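Q: Just passing along the structure, written as structure tokens.
Every number in this text was worked out from the coordinates using simple rules, so none of it is lab data. Just so it is clear, the structure is predicted and the values come from calculations on it, not from any experiment. Note that each Cβ is placed from the backbone with ideal geometry, even for glycine, and that neighbours are counted across all protein chains shown.
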Amino acid sequence: MPFVSDKEAADALAQSYQTLRQEIGKVIIGQDEVVRLVLTAVFSQGHCLLVGVPGLAKTLLIQTIADSLDLSFNRIQFTPDLMPSDIVGSETLTQQRDFQFVKGPIFANIVLADEINRTPPKTQAALLESMQEYAVTVAGQRYPLSRPFFVLATQNPIEQEGTYPLPEAQLDRFMFNIQLDYPSYEAELQIVKNTTSDHKPSVRKVLHAEEIQAFQHLVRRVPVADNVVEYAVSLVHKTRPNTDRGTTRATQLLEWGAGPRASQHLIVGAKCNALLSGKYSPDIEDVKAVALPILRHRLVRNFKAEAEGISVEQIVKELL
């Protein structure tokens, strides 16, 4: 998909985004901000963690986005007995008495890790290499994954019995932690009407793998003013307790602050947010637009914050 200039490519991305929203909106009602964040992660080469109670269409949302993109899609239902080989694949003995690698479901462009906290850490760790290195290693042999590659994981925040919370090191690999809330009354009316009839809306494919990769490279080439980068890095430094640039509030309420990966994601996310809004360069408002889902899972509250019922969202809003 050759473009004459980056400006033309940026206009094409903004137009493609609007078309994607229309197609996804045929199935997903009233989750505009969630759809925007997931697509921002797709164009930013990031992974997403979707957290919400059962029945909020987390799985349907991801499947619909996969349908609108001409990409291969696999769903993995995480359970307590899932093994790493069930995700990455394993070597099997053929009739010719030699070993052949059989690829697991991780070998797809979009991987839905459904209820990722239901499986033990050993299996969760099988995702680590693929999310960071875009490859898996089995029996000493490295197998690259096809690009683009995204892990979109879901979590149920209610039921914690028999679950394995993701360690901070793995949480940090997710660009966004997106919280899904209950739909509004009007949106739920429309959802019920749409889903209790015999009509099944079809979603047409809007973008192909090559186009998505071209847009990913475009996002990286977007120029950013120094004051925007300084604002993003300063915001992350404010979250670090007992440091020179950490705020008094962070020292009072946080055990740990965000690391450098948060600063990187803030800038890449701001770049993409600007392009989706029809702008050619991000400003501080674009950083603020992506700050909460980027910082939400990177701040660890201390006992005082938990005892007083002060949420991470409240702390981030104070810092902003």
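Q: Per the Debye formula with a single identical scatterer at each Cα and no solvent contribution, what log10 I(q)/I(0) holds for the range 80-199 at q = 0.23 Å⁻¹?
A: -1.32
Q: Before rounding to the nearest 500, sum -39500 (n - 2.57) across all DSSP H runs of length at least 4 in the chain and divide by the residue total; then give [θ] at 222 nm in deg cm²/dmol.
A: -13500 deg cm²/dmol
Q: Follow-up. Determine, for M175, M131, the number of other Cβ atoms within 10 Å of each Cβ, and report the residues in order from fewest to most.
A: Fewest-to-most ranking of M175, M131: M131, M175.
Q: Between L189, L171, A209, whose Cα lies farthest towards the positive end of the dipole of the range 157-215 when Lys and Arg beta carbons carry +1 and Asp and Glu beta carbons carry -1, centred on the Cα centre?
A: Positive-end residue among those listed: A209.
Q: Given labels modelled 7 Å from the Cα in the Cβ direction, how far is it in nm from A225 to V192?
A: Computed distance between label sites A225 and V192 equals 4.9 nm.
Q: Taking a quarter of the surface of the convex hull around the Cα atoms of the range 172-219, what do you get in nm²? Provide the component values of the computation, followed by the final result.
A: Details: hull surface 24.8 nm².
With the hull built on Cα positions only, its mean projection is 6.2 nm².
Q: How far apart, in nm, are the 7 Å Cα→Cβ label points at T137 and V53?
A: My value for the distance between the label points is 4.4 nm.
Q: Under a cut-off of 15 Å between alpha-carbon atoms, report the aspartates and glutamates in cross-link reach of K304, not counting same-chain residues fewer than 8 places apart.
A: E255
Q: Modelled label-to-label distance, A14 and L171, 7 Å Cα→beta-carbon offset: nm?
A: 3.6
Q: Kirkwood Rh, Cα Rg: Rg to Rh for the range 223-319?
A: The Rg/Rh ratio comes out at 1.01.
Q: Once you have the Cα-Cα distance between F303 and D283, take 0.36 nm times their residue separation minus that, and quote the gain in nm to one decimal.
A: Numbers: separation 20, 0.36 × 20 = 7.20 nm, distance 3.55 nm.
Between F303 and D283, full extension yields an extra 3.7 nm.
Q: Let me ask something else about it. Just to be sure I understand the rule: take each whole DSSP H helix in the chain, project its Cα atoms onto its long axis, keep it if the span is 20 Å or more and its mean Kyte-Doolittle hydropathy is at least 1.0. Which ones pass?
A: none
Q: Suppose R0 equals 51 Å. What FRET efficiency, 1/(1 + (r/R0)^6) with r the Cβ-Cβ distance, do E318 and R97 give to the nearest 0.05?
A: Efficiency computed from Cβ-Cβ geometry: 0.20.
Q: With no solvent and one equal point scatterer placed on each C-alpha of the chain, evaluate the Debye formula and give log10 I(q)/I(0) for q = 0.08 Å⁻¹, two decimals.
A: -0.40
Q: Quote to one decimal, in nm, the extra length available between R147 and L60 on full extension: 0.36 nm per residue of separation minus the C-alpha distance between them. Each step should come with its number before you reach the end.
A: Values: separation 87, 0.36 × 87 = 31.32 nm, distance 2.26 nm.
Working it through step by step, the gained length comes to 29.1 nm.
Q: For a paramagnetic label modelled at 7 Å from the Cα of R261 toward its Cβ, which residues of the range 111-150 fall within the zone defined by backbone nitrogen distances under 12 Å?
A: What the label zone holds, given the 12 Å backbone N cut-off, is 128-133.
Q: Could you give the radius of gyration (one decimal) and Dmax (whole number) of the Cα atoms in the range 135-190, in Å?
A: When restricted to Cα atoms, the range 135-190 yields Rg and Dmax of 17.4, 54 Å.
Q: Past the 24 Å Cα-Cα mark, which pairs from K26/K103; K26/K317; K200/K271; K7/K271?
A: From the list (K26/K103; K26/K317; K200/K271; K7/K271), the Cα-Cα distance tops 24 Å for K26/K103; K26/K317; K200/K271.
Q: How large is the Kirkwood hydrodynamic radius of the range 1-110, in angstrom, based on all distinct alpha carbon pairs?
A: The Cα-based Kirkwood calculation yields 16.9 Å.
Q: Can you tell me how much longer the chain between I158 and K200 gets when fully stretched, taken as 0.36 nm per residue apart minus their C-alpha distance, in nm with one decimal?
A: Separation in residues times 0.36 nm, less the Cα-Cα distance, equals 12.1 nm.
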